[in-house]
Amino acid sequence: MTVKTLLLRRRRWDPMVLAVGMLCLSLLISVGKIAFLFFSVCGLYLALARPRSWRGAPVVFTSTLAAWAIWQIGLSLVRGEPLDGNRVLSYAGLEFACALLPLGLGLVRHPAHALAWGARVGVIALVILAPIDYAMTGARVGLGKNEAIFAFVVGAVAIAARLPTGGRWRFLPDGRFWTYLGAVPIVLSGTRAAMLLFVVVALLDLRRALPRLRATGRRAAIALVAGIVAAMTAVVPVGGFLLDRIESGVSEMEAYEATGLAVGSVDTRMAMWSSAVRVLAEHPFIGVGGTARMDLVAEEAGSNAREILRYQHLHNLVLDEALSSGLVGVLLMSGAMVAFLSGAFRRADDPVVRDASVALVAFTFVFGLFHGVLLNEWMVLVAFASMAVILTELRRRRPFGGLPAVTP
């Protein structure tokens with residue numbers, strides 16, 4: 001088989017590999033990680049063998065993301081931190097792989113289409129599987145994984161599912177409604193922070209919808225009200241479960257304020273964060289390292305040390321990054337996200353693409369204020385791989401098929 005024949009075959013199969021990879025990623029199946037890493041390996045080969053291929057990549061985003069990963073890896077090695085069990089090294093390696101992803105997608109004509117199709121099938125599967133899991137166990141749903149990880153992956157996949165594809169497949173039509181379908185598995189996961197996703201997307205969608213409501217009048221208003229009622233009706237069966245999660249968090253906060261002792265998840269976060277801020281004040285620029293931060297924070301926390309040491313990270317992306325790699329690391333992390341948004345707004349004419357980009361960054365940041373969103377391979381991959389795919393699509397001559405903006 002000649003190289004040309006192989007490449008022609010890959011042009012046919014690569015989009016399917018990307019779509020299946022996103023589908024598997026949404027269901028937390030490891031095949032999804034393998035699919036994305038395959039494209040990253042292809043990107044690494046092209047980066048070394050054909051440096052000119054960099055011209056087709058979103059240079060600012062990939063450079064900033066790669067610089068952030070190299071800073072984390074270099075700082076960890078200089079500190080002499082152990083390689084075994086070093087979460088900073090493994091997740092920084094994944095971030096570097098995502099920086100190479102745009103180069104490896106060269107044979108996929110419309111990578112965002114494949115990403116969206118895989119995400120849509122994933123959302124449909126999750127809407128079916130999550131209630132079945134909840135009915136069988138009566139417990140928070142995570143499909144065998146940590147519930148918070150599951151909820152974030154579902155949210156990011158639900159955002160990717162709204163990316164416009166031109167409506168090629170009738171059974172997977174374009175629309176913003178895909179994101180709201182993610183409410184079913186997210187609510188059943190019981191992850192409170194993930195529910196903020198729907199506040200973000202609702203605000204973005206209302207901003208787009210209000211001018212149309214004024215123009216089209218009563219029918220559009222009735223449709224909007226009907227949609228809100230339908231969404232509320234869908235949540236009613238698990239409303240008690242959702243309220244229990246919210247009430248338990250409020251109770252923990254009140255008890256912590258009264259006693260100063262942490263015994264649950266919310267109050268332990270409060271103890272961790274206050275102690276972490278004091279540690280960071282002593283080591284602001286390069287932090288204390290990913291392997292030492294929890295011990296130092298626990299030592300600072302005094303009577304709450306035992307509860308804090310039950311956790312592997314601080315459940316806050318800013319504090320986790322600041323104590324691991326310093327404020328320099330936080331600056332590079334923020335720079336990668338700003339570079340993504342800047343590229344998306346500069347090149348995207350479609351408001352759906354712009355809103356999806358904003359929602360992805362906002363969801364990552366808001367969720368990350370309560371969880372270690374960048375300290376898990378599933379979360380890192382779904383967030384930064386989606387960003388890389390969107391920017392890769394936008395750099396093509398006819399991004400998103402060159403079709404007109406998709407209406408909700």
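The values are calculated or read from the model by the stated rules, or taken from the named source; none is laboratory data. Being a predicted model, the structure only gives us computed values, none of them experimental. Cβ atoms come from the backbone with ideal geometry, glycine included; neighbour counts cover every protein chain shown. Protein only, heavy atoms only, side chains kept; ligands, DNA and RNA dropped before computing areas. Shrake-Rupley method; radii C 1.70, N 1.55, O 1.52, S 1.80 Å.
Tell me the residue from Ala130, Ala194 that is open to solvent by less than 20 Å² (accessible area, probe 1.4 Å), of a type in the set (A, V, I, L, M, F, W, C) and free of Cβ contacts under 8 Å to residues at least 60 places away in the same chain, please.
On the way: Ala194 fails: free of Cβ contacts under 8 Å to residues at least 60 places away in the same chain.
Going through Ala130, Ala194 in turn, the sole match is Ala130.
Scan the range 109-126 and give yes if some residue there is open to solvent by 10 Å² or more (accessible area, probe 1.4 Å), farther than 19 Å from Val373 by Cβ and part of a loop (DSSP other than H, G, I, E, B), otherwise no. Show your work before the answer.
Restricting attention to the range 109-126, the residues satisfying the condition of being open to solvent by 10 Å² or more (accessible area, probe 1.4 Å) are 109-110, 113, 117, 121, 124-125.
If we keep only those that are farther than 19 Å from Val373 by Cβ too, we end up with 109-110, 113, 117, 121, 124-125.
In the following step, the residues that additionally are part of a loop (DSSP other than H, G, I, E, B) were identified as 109-110.
Looking through the range 109-126, at least one residue is open to solvent by 10 Å² or more (accessible area, probe 1.4 Å), farther than 19 Å from Val373 by Cβ and part of a loop (DSSP other than H, G, I, E, B).
Here the condition is being surrounded by 13 or more Cβ atoms within 10 Å (Cβ to Cβ) and at pLDDT 90 or above; of Ala57, Ala47, Ala67, it holds for Ala67 alone.
Restricting to the range 6-43, count the residues that are surrounded by fewer than 17 Cβ atoms within 10 Å (Cβ to Cβ) and either under 23 Å from the mean Cα position of the chain (by Cα) or of a type outside the set (D, E, K, R) (or both).
Residues of the range 6-43 surrounded by fewer than 17 Cβ atoms within 10 Å (Cβ to Cβ): 6-13, 16, 29-31, 34, 38, 41.
With the extra rule that they be either under 23 Å from the mean Cα position of the chain (by Cα) or of a type outside the set (D, E, K, R) (or both), the set shrinks to 6-8, 13, 16, 29-31, 34, 38, 41.
So the answer is 11.
A quick yes/no check of all residues on (1) in the same structural domain as Leu77 (by the TED database); (2) open to solvent by less than 10 Å² (accessible area, probe 1.4 Å); (3) not hydrophobic (A, V, I, L, M, F, W, C):
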site: Ala292; (1), (2), (3): no, no, no
site: Ala301; (1), (2), (3): no, no, no
site: Leu332; (1), (2), (3): no, no, no
site: Asp355; (1), (2), (3): yes, yes, yes
site: Val358; (1), (2), (3): yes, no, no
site: Val366; (1), (2), (3): yes, no, no
site: Glu377; (1), (2), (3): yes, no, yes
site: Ala383; (1), (2), (3): yes, yes, no
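Tell me the residue from Val154, Val141 that is crowded, with 24+ Cβ neighbours inside 10 Å, out of contact with any strand residue (DSSP E or B) (no Cβ under 9 Å at 6 or more places or on another chain) and over 19 Å from Leu360 (Cα atoms), please. Just one listed residue meets the conditions, Val141. Given the structure, is Leu280 assigned to a helix (DSSP H, G or I), open to solvent by 50 Å² or more (accessible area, probe 1.4 Å) and hydrophobic (A, V, I, L, M, F, W, C)? So Leu280 does not fit the description; no.
Hand me the list of helices (runs of 4 or more DSSP H) wholly inside the range 293-387 holding 3 or more residues that are among the hydroxyl-bearing types (Ser, Thr, Tyr).
Working: elements: 293-301, 305-308, 317-347, 351-368.
Passing ranges, in order: 317-347.
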